[in-house]
Number of protein chains: 2
Amino acid sequence: MFERVTVLAGGVGAARFLEGLTQVVPPESITVIGNTGDDVELHGLTICPDLDTVTYMLAGLADQERGWGLANETFHALESLKRFTNETWFQLGDRDLATHIFRGSLLRGGFPLSEVTARIVRSLGVRSTILPMSDNPVRTWLETDAGQLDFQTYFVKHRAEPVVRSVDFVGAAQAAPAPGVLEAIAQADAVILAPSNPVISIGPILAVPGIREALHETSARVLAISPIIGGKAIKGPAAAMLNSLGYGASASAVANLYRDFADVFILDETDRDLRPAVEELGMRTVVCPTIMKGLPEKIALAQAVLEAASS
Amino acid sequence: MFERVTVLAGGVGAARFLEGLTQVVPPESITVIGNTGDDVELHGLTICPDLDTVTYMLAGLADQERGWGLANETFHALESLKRFTNETWFQLGDRDLATHIFRGSLLRGGFPLSEVTARIVRSLGVRSTILPMSDNPVRTWLETDAGQLDFQTYFVKHRAEPVVRSVDFVGAAQAAPAPGVLEAIAQADAVILAPSNPVISIGPILAVPGIREALHETSARVLAISPIIGGKAIKGPAAAMLNSLGYGASASAVANLYRDFADVFILDETDRDLRPAVEELGMRTVVCPTIMKGLPEKIALAQAVLEAASS
């Protein structure tokens, strides 16, 4: 059995996978390393969408249908905020605001993000460990045909419609992995890359100096789940982005981005034909259903990944 | 008629008086100088209860029954905040939070409180001018039998129950009147002290260097409405506080606190007998109903005060 499983995670896709994983291994054995490149400062609040999506899901508080935010949410504060400012395109629920207010208060008080995240995670009853990739701010900026945009402006305000020409993780080169991140990779029994956007969800994590090296050096098996199925993403702009950046929108293109450190690549059944192409990159492949419609599919995927990790 | 009426204001009592006043003179002709000694930093937000109470009332958004906050308010963010911290004794509504978030964001961006207040006031459609007494932080601290307490801790957390031994307006000596405050007093046709707690609502305003002198020097008539009726306050700890501080809980004791600058003192009918005592202080007295049950009483009081200002 696995006593220490470490998962590199973006937002919704990762949260869904983690929901299944917590049914297969004890939640306490899981360490999540979360993307903070999508973080955004709005109205003086620091919002960490990916960390929160994972946290809310593991706390059993996520809105499953909408895919982000909390269940039973209201938006009264946001409605009132519209009286004061036009910059209200980012959806902030009333209950969600409590997280951002608490986090902002502690961050301004000098607490590092990793410690603030730990307090939020504990307060919400999550038993897994959730680490930001770094305590230093890293922000994803995109060069697009609509100009240079920070991630949330691109993703929410422009609905991920602009064509992305290049991606920059501002601050990454000067960032250090948050306390526990390198250890979680080095000491894990298995390291899993969740089915998240390889460019803007996993990419920022890999851009923090030391993390990619740790993945290369760890004695744990490193397994990556393709977020691209039949050339398309389940959700979000991954496929379009892989295309416009010249990587190509295929599972094997994703595998190629991970070739220097991944041992196993998990392909959806749809992409069975890509096995040879991925194996040529030096990885073992596993083919299984990867579309997580409901909890049974999430659990089955987690089981398949762990099986590949141990066999 | 009065083209420029300036009102020194605390919270609820002042807001009620101002609601009547805006029915008697054009709202545009009113300048409110608001107490900021009650302001409090909570969860990284700067909350200005007195400024907001007046603003919400003049915007027609106040919860009239509760006496504070916004009508149709929900408290979902506060409920969620309770998961993170025990310091949630201060009631923060979801709609109200928008004000504090917006204000905090601008204050941290370097905007002075007077400018932030003006933006909030305009955004909510208030046509009167609302000025904080100062852009510099002034905080009311109370020496009580329960120890030294900041105002909101005393007032909300301890329900104004501790006996107040002394009052200190921290920062007042170093504070400057906000832009427009001294001018609003000097150039007014009438200056009115709302029926607010003379110690902790009007007191902090008078403690800002220059304001008391401006009241003394203005050519406008200065009129004060007693917040004490028959030895009691309509609401809040004014009477108990006047007693424990040694002033005595009577309208004439309030008049005595204003004797160096007030020209007219408005007594409730109940306190008709106090006329000689107040007039001995060198003020003219007006006796009229001062309890503001509904809008008609608010309007009648405003009319009586303005009549006294012109006669």
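Laboratory data are not the source of any read-out in this text; all were calculated from the coordinates shown. From a predicted model like this one, the values you see are computed outputs, not experimental measurements. Cβ coordinates were reconstructed from backbone atoms using ideal geometry, including for glycine residues, and neighbour counts include every protein chain displayed.
Numbers for the structure displayed
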quantity	calculated
Exposure proxy ranking, count of Cβ atoms within 10 Å, fewest first, for B:287, B:181, B:54	B:287, B:181, B:54
Highest-MSF residue in chain A out of A:44, A:104, A:230 [GNM, Cα springs under 10 Å]	A:44
Long-range HN-HN contacts of residue B:42 with modeled amide H, under 5 Å	B:47
Shape category assigned to the range A:225-311 from the gyration tensor of Cα positions, a/c cut at 1.5	oblate
Under the Debye formula (equal points on every Cα, no solvent term), log10 I(q)/I(0) of chain B at q = 0.07, 0.12, 0.13 Å⁻¹	-0.24, -0.75, -0.90
Calculated Rg and Dmax of the range B:140-179 using C-alpha coordinates, Å	11.8, 37
For B:238-248, mean number of other protein chain Cβ atoms within 10 Å	0
Prolate/oblate/rounded call for the range B:160-311, Cα gyration tensor, a/c under 1.5 rounded	oblate
Cα lying deepest toward the dipole's positive end in the range A:52-125, options A:116, A:59, A:100, charges on Cβ	A:116
Chain B - mean residue ellipticity at 222 nm from DSSP helices (-39,500 (n - 2.57) per run, n ≥ 4, rounded to 500)	-9500 deg cm²/dmol
Karplus-derived HN-Hα couplings along the range B:134-141 (A = 6.51, B = -1.76, C = 1.60, θ = phi - 60°), whole Hz, x at Gly and Pro	7, 7, 8, x, 10, 10, 7, 10
Copy-to-copy label separations for residue B:137, where each label sits 7 Å from Cα toward Cβ, in nm and ascending	2.1
Magnitude of the charge dipole, chain A, Cβ model with Lys/Arg +1 and Asp/Glu -1, debye to 20	380 debye
Descending semi-axes in whole angstrom, ellipsoid equivalent of the range B:65-178, from the Cα gyration tensor	25, 23, 14
Global form of the range A:20-76, assessed from the alpha-carbon gyration tensor, a/c cut-off 1.5	oblate
Residue with peak Gaussian network fluctuation, chain A [Cα springs, cutoff 10 Å], from A:192, A:234, A:30	A:234
Fewest-first sequence of A:47, B:211, B:33 by Cβ atoms within 10 Å of each Cβ	A:47, B:211, B:33
Only Lys, Arg (+1) and Asp, Glu (-1) charged, at Cβ; the protein assembly as shown dipole about Cα centre in debye	460 debye
Closest approach to the axis - chain B beta-carbon, rotation onto A, Å	B:94, 2
Phi-based couplings in Hz for the range A:53-61 (Karplus 6.51, -1.76, 1.60; Gly and Pro marked x)	4, 5, 4, 4, 5, 5, 7, x, 10
Dipole of the range B:150-213 [Lys/Arg +1, Asp/Glu -1 at C-beta], most positive-end residue of B:156, B:198, B:182	B:156
Dipole of the protein assembly as shown, positive end: most advanced residue of B:29, A:18, A:29 [Cβ charges, Cα centre]	A:18
3J(HN,Hα) from dihedral phi, the range A:263-280, Karplus parametrisation 6.51/-1.76/1.60, rounded to Hz, x for glycine, proline	9, 10, 10, 9, 9, 6, 3, 4, 9, 3, 5, 7, 3, x, 4, 6, 5, 4
Inter-centroid distance (Cα atoms) of the range A:89-158 relative to the range B:134-148, Å	35 Å
Other copies of residue B:174: label-to-label distances in nm, shortest first, labels 7 Å along the beta-carbon direction	3.1
Taking N as its residue count, the alpha carbon Rg of the protein assembly as shown over 2.2 N^0.38 Å	1.22
Exposure proxy order (Cβ contacts within 10 Å, fewest to most) of B:2, A:102	B:2, A:102
The range B:167-311 - percent relative contact order, Cα under 8 Å, separation 6 or more	20 percent
Mean Cα-pair separation over length for chain A, i.e. relative contact order, pairs under 8 Å, 6 or more apart, %	19 percent
Spacing of the two label points (7 Å from each Cα toward its C-beta) at residue B:111 and residue B:232, in nm	4.3 nm
Amide H partners (placed H, <5 Å) of residue A:8, local residues excluded	A:33, A:192, A:193, A:194
